[in-house]
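As structure tokens, the structure follows; a few thoughts come after it.
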Amino acid sequence: MSRSISIIGLGAMGAALAGALIDTGNAVTVWNRTPARADALIARGARRAATVADAIAASDVLVLCLTDYAAVETTLADVGAAIAGKTVVNLTNGRPDEVRAIAARLDGLGARYLDSGIMATPPMIGTPHAFVLYSGDSAAFRDAEEQLAAFGQSHYLGEDPVLAAVSDLALLSAMYGLFGGYLHATALAGSVGFTAKQFLPLVEPWLAAMMTALPDYAERIDSGDHARDVMSNLQMQSVAITNIVAASRSLGIDPAFMEPIERLAKKRLAAGFGSDEASGLIEAMRGK
Ligand code: FVH
């Protein structure tokens, strides 16, 4: 039997989510501020809601996928009591303060709230490579779990609604660190003539090899012990870090991506932790 679900927000991601729900046999109602963006989904069998209130009335589960929480607040500004008893799954990227504010407001209106982080690009939705983080009302998650599985693997993190949003930001931070590092490295290599394609066979296996250090880093971080069995101490690494910044400048590359790492390393050295592993940089990030 098909279950109904409403999607509010049909940008690149919202349209992919709606498509995956249609493909898995759900009765999908869609609303978008710019109505024309719904046309392709209507042609695939979705129902068009004329208003946000119409989308809310159509289903017990509402999925929001908008640019930011300001858009979420605007879209839900006038919902009132109509949202009581509904499950709101908010897949919009946001900050913990924004999550708490919307969760409290919807709770006050009698809705069940799930916050979420989508760890996928639109073409990955509905494939085994997509995973989506959820936190908030556990009963609401259990009830909607089967429908939400259309998006990819679901990871429920706990009752506190901010868990998914902060984990999302943390994972995106790791991604931007990786991409930022890759772009800086490629700019540096490019300054002496390598094209990105020529540099790729060097940088790709290097990054893959460095990823294997993460379990050891995790152990050091959790124990707070960055001094045991040190292989590559920070004093030694800080020479390379400072050289990267200085060489970038002299080769005409903006060192902006690497400067914060240099600053954190100097802070750690000044505190007397030069013989520790570089995992100890996390203590400087934590303000210790
Ligand atoms: N696309 C991606 O790769 C990432 C993957 C990880 C998760 N993100 C998050 O998903 C949210 C939406 O992203 P998106 O890619 O769908 O974004 P757009 O294609 O730019 O569509 C934006 C939709 O938001 C609507 N919208 C914006 N402002 C308002 C507003 N004030 N009132 C009502 N709707 C609003 C916009 O409507 P329209 O411009 O078509 O009328 C689109 O439906 C986002 O949080 C990502 O971080 C995607």
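So which residues in region 93-110 are open to solvent by less than 10 Å² (accessible area, probe 1.4 Å) and in contact with a strand residue (DSSP E or B) (Cβ under 6 Å, 6 or more places away or on another chain), if there are any at all?
Val99, Leu106
Considering Asn26, Asn32, Asn93, which residue is closer than 29 Å to Leu163 by Cβ and more than 9 Å from the ligand (Cβ to nearest atom)?
Asn26
Could you check region 195-288 for helices (runs of 4 or more DSSP H) lying wholly inside it with 2 or more residues that are within 23 Å of Met175 (Cα to Cα) and open to solvent by 50 Å² or more (accessible area, probe 1.4 Å)?
Fully inside region 195-288 and qualifying: 196-211, 214-223, 234-250, 259-270.
Within region 49-66, track down each residue that is in contact with an Asp or Glu (Cβ under 9 Å, 6 or more places away or on another chain) and either open to solvent by 60 Å² or more (accessible area, probe 1.4 Å) or within 14 Å of the ligand (Cβ to nearest atom) (or both).
Val52, Ala53, Asp60, listed by residue number.
Among the residues of region 67-82, are any within 14 Å of the ligand (Cβ to nearest atom), in contact (Cβ under 8 Å) with a residue 60 or more places away in the chain and touching a Gly at 6+ places or on another chain (Cβ under 6 Å)?
no
Picking from Gly158, Gly177, Gly181, which residue would you name as being modelled with pLDDT of 95 or more, open to solvent by less than 60 Å² (accessible area, probe 1.4 Å) and either of a type in the set (Asp, Glu) or closer than 30 Å to Asn26 by Cα (or both)?
Gly158
Sort through Ala38, Ala20, Ala16 and tell me the only one that's near the ligand (Cβ under 10 Å from one of its atoms), under 17 Å from Ala120 (Cα atoms) and touching a Phe, Trp or Tyr at 6+ places or on another chain (Cβ under 9 Å).
One residue alone meets the criteria, Ala16.
Quick check on my filter: what residues within region 182-194 are outside any loop (DSSP other than H, G, I, E, B) and not aliphatic (A, V, I, L, M)?
Tyr182, His184, Thr186, Gly190
The values are calculated or read from the model by the stated rules, or taken from the named source; none is laboratory data. From a predicted model like this one, the values you see are computed outputs, not experimental measurements. Cβ: placed from backbone, ideal geometry, glycine included. Neighbour counts: every protein chain shown. Only protein heavy atoms, including side chains, enter the accessible area calculation; ligands, DNA and RNA are left aside. Shrake-Rupley method; radii C 1.70, N 1.55, O 1.52, S 1.80 Å.
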